[in-house]
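Structure, as C-alpha cells:
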Amino acid sequence: MKYPELKNYIGGKFTSSTSGKFLDVYSPLDGSVISKVPLSNASDLNAAVITAQNAQKLWAKTPIKERVQVFFRYKTLLEKNMTELSKLISEENGKTFDEAKAEVEKSIELTEFACSLPQLVAGEWLEVSAGVECRTEHAPLGVVASIVPFNFPMMVPNWTIPNAIALGNAMILKPSEVVPLSSQKIAELLKEAGLPDGVFNIVNGDRDIVEAICDHPDIQAVSFVGSTKVAKIVYARATSHFKRVLALGGAKNHLIVLPDAHAAMTASNVTASMSGCAGQRCMAASAMIGVGKIDHIVEQLCEESRKIVLGKNLGSVISKQAKERIESYITEAETQGAKILVDGRNSVVAGSEGGYYVGPTVIDFVRPDMKIAQEEVFGPVLSILRTDTVDEALEIENKNPYGNAAAVFTQSGAMARYVSERASAGMVGVNIGVPVPREPFSFGGWNESKFGMGDITGKSSIEFWTQLRKMTTKWNPDARTNWMS
C-alpha cells in the first residue's frame, strides 16, 4: 500500500477505531489498493461527539472576527498545497490532475466566502419605541455533522466545513469510505491553520456510521450529499430524531438545444458537461433534448467527444462496479433501438489496464420511456432525445422527478427566458452546460434532488448552520409613549 492504514481524527489527533475492521481503498486509475479505511462504530462516534461538545463551548465564545482568521490561514494553505492536494484527489478518485486542481480552486473560493461571514451575520438593530431596542444575532447550533460523497473528496467537504465552523459550530465529518484520503489532509491543514482541537473531527465508516449520526441525540444538524435513494433515508431518519437536515440527492439534468444555438459553443459545452469528472457529478449533462433540426450540432458534438483522450482529459470512474453499471445502461439502450454515435464501452488505457475507464459515449434517438432517459447514469454518457417543439422538450424535462439543473442553448433571449421560467430545476443555465453558481450565490436543486430547506453553500447556508436569537431591551423606565414602552 502506498499509504498507511487510515485513522479517525478526534480532538486534534489521529486515533484508531475501536472496531478493528477495515475496508480496502482502491485507486480507480489502476485498480491498486492504496490504503485501508477503518469501519468505525457507534462508540467511536460518541467519543467524537463528546470531544466536539467540549470544544464547541469555547469556540462559540470566540468572536466570529477571530474565528474566520483560521480560514484566512486555511485558504493560504490550500493554495500552498495545491499540487499535492490535486495529485491526492486524482489518485483516490480517478479525476484528471486538472479536474482535481479545479476542485481545490473551488474549495479556496468556498473558504473565501466563509472569511466574509462577519460582514453577513452582523445582525440588525432598531429602536422600536422610545427607550426600547430590538436586535438579532446568529447563534451556532452546537455539534453538527457532514456526510459527503466520493465524487468530490475535497470540494464537497468544503461546502460545509468553513461555513459551519466559522459560524461557531463544531463538526464531525463522515467521508466516503471510497475516497477517505483527502479528508485526512483537510484535518492536517485546519490544525496547521490554528483551529482548536476538537472543533473538527473525522469518523470514517460506512452505513453504520451514517445511521449512528442520524440517531445521535447530541448532533444538532446533518448535511448529506449523495444519491436520492440514500438522501431520502437520511432525511427521514435524522428528522425523526428532530434534527435539522439538508440532504442533496441525485439528478437527471436536461439540456434543451434549439436549432439556432451556436453550434461550436453548444457542442463544446455539452461535451464538457457530459464528460467532465467522468460524468460523476450531479450537475453533469445526462440528457440533451434536441428541438427540431439539430443534426449539425449533433455532428459537432460527436467530433468534440472523439477528441477526448482517456487518461489525459478524461479520468476513470470510481470502481469496477460503476464501470459495469454504466456500460449496461449503454447496451440496454442499444438493444432498445437507440443509436450509438460514439461508443466508450470496453475502454482501456495503456499502462493502466487495471483502471476503471469508460470513454465518452453519445447515444441518439433515445426515447423518454427508456431507462437511460430516466435514471441517473453517473458516467460520461449523453442521451439525445428529439422533439418538434420547445413545449414538448419542457414536458420531458418537467416530468423528470429530479430538479438539480437544466439548461437551454439558443441565441434567442425570448426563448432563453421562456425555457428558464418553465424548467423545473433549482439551477438553470443559458448556453452553459454546468450552471453551478459562484459564491456568494448558493448551490441547491429542487424536487427529488434536495430534501430540507435552504441551500448548502452561499448566503442561504447561514440560516441552516445557525439559529436566530432576538433580544428586546429597555433601559429607560420613564419613557412611556405607547403600548410598547
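The values are calculated or read from the model by the stated rules, or taken from the named source; none is laboratory data. Here the structure is a predicted model, which means the values were calculated and not measured. Every residue, glycine among them, receives a Cβ derived from its backbone with ideal geometry; neighbour counts consider all protein chains shown.
crowded, with 17+ Cβ neighbours inside 10 Å, part of a strand (DSSP E or B) and within 17 Å of the chain's Cα centre (by Cα): which single residue out of Val434, Val428 fits that description? Even if it seems obvious, please write down each step before you answer.
Details: Val434 fails: part of a strand (DSSP E or B).
From the options Val434, Val428, the qualifying one is Val428.
Can you tell me which condition Asp260 does not meet? The list is (1) touching a residue at least 40 places away in the same chain (Cβ under 8 Å); (2) part of a loop (DSSP other than H, G, I, E, B); (3) in contact with a Lys or Arg (Cβ under 9 Å, 6 or more places away or on another chain); (4) surrounded by fewer than 22 Cβ atoms within 10 Å (Cβ to Cβ), and all the others hold. With (1) touching a residue at least 40 places away in the same chain (Cβ under 8 Å); (2) part of a loop (DSSP other than H, G, I, E, B); (3) in contact with a Lys or Arg (Cβ under 9 Å, 6 or more places away or on another chain); (4) surrounded by fewer than 22 Cβ atoms within 10 Å (Cβ to Cβ) applied to Asp260, the lone miss is (3). All conditions but one from (1) over 22 Å from Lys95 (Cβ atoms); (2) surrounded by 24 or more Cβ atoms within 10 Å (Cβ to Cβ) apply to Glu192; the one that does not is (2).
All of Ile340, Ile308, Ile289 fail the test of being surrounded by fewer than 22 Cβ atoms within 10 Å (Cβ to Cβ) and part of a strand (DSSP E or B), apart from Ile340.
Please determine whether any residue of the range 151-161 is touching a His at 6+ places or on another chain (Cβ under 8 Å), crowded, with 24+ Cβ neighbours inside 10 Å and modelled with pLDDT of 95 or more. Within the range 151-161, none of the residues are touching a His at 6+ places or on another chain (Cβ under 8 Å), crowded, with 24+ Cβ neighbours inside 10 Å and modelled with pLDDT of 95 or more.
For the residues Ser420, Ser442, the requirement of being of a type in the set (S, T, N, Q) and assigned to a loop (DSSP other than H, G, I, E, B) singles out Ser442. Filtering the range 52-81 to residues that are under 26 Å from the mean Cα position of the chain (by Cα) and of a type in the set (Val, Ile, Thr) leaves Ile64, Val68, Val70, Thr76.
Taking the condition within 20 Å of the chain's Cα centre (by Cα) and surrounded by fewer than 22 Cβ atoms within 10 Å (Cβ to Cβ), does Glu109 pass? Here the answer is yes, as Glu109 does meet what is asked. Quick one: in the range 1-33, which of the residues that are of a type in the set (A, V, I, L, M) and outside any loop (DSSP other than H, G, I, E, B) is farthest from Gly205 (Cα to Cα)? For the range 1-33, the residue satisfying everything is Val33. The single condition among (1) at negative phi; (2) assigned by TED's automatic domain parsing to the domain that holds Leu173; (3) touching a residue at least 40 places away in the same chain (Cβ under 8 Å); (4) not in a helix (DSSP H, G or I) that Lys36 does not satisfy is (3). When the range 389-417 is filtered for residues that are assigned to a helix (DSSP H, G or I) and of a type outside the set (A, V, I, L, M, F, W, C), the ones remaining, listed by number, are Asp391, Glu392, Glu395, Glu397, Asn398, Lys399, Gly413, Arg417. Annotation note: of Leu117, Leu78, the sole residue that is in contact with a Ser or Thr (Cβ under 8 Å, 6 or more places away or on another chain), buried (at least 16 other Cβ atoms within 10 Å of the Cβ) and touching a residue at least 60 places away in the same chain (Cβ under 8 Å) is Leu78. Screening the candidates Leu301, Leu310 for the property of being in contact with a helix residue (DSSP H, G or I) (Cβ under 7 Å, 6 or more places away or on another chain) and within 19 Å of Ser273 (Cα to Cα) yields one hit, Leu301.
Any idea which of Ala238, Ala278, Ala285, Ala231 is modelled with pLDDT under 95 and within 25 Å of the chain's Cα centre (by Cα)?
When all the criteria are applied, what remains is Ala285.
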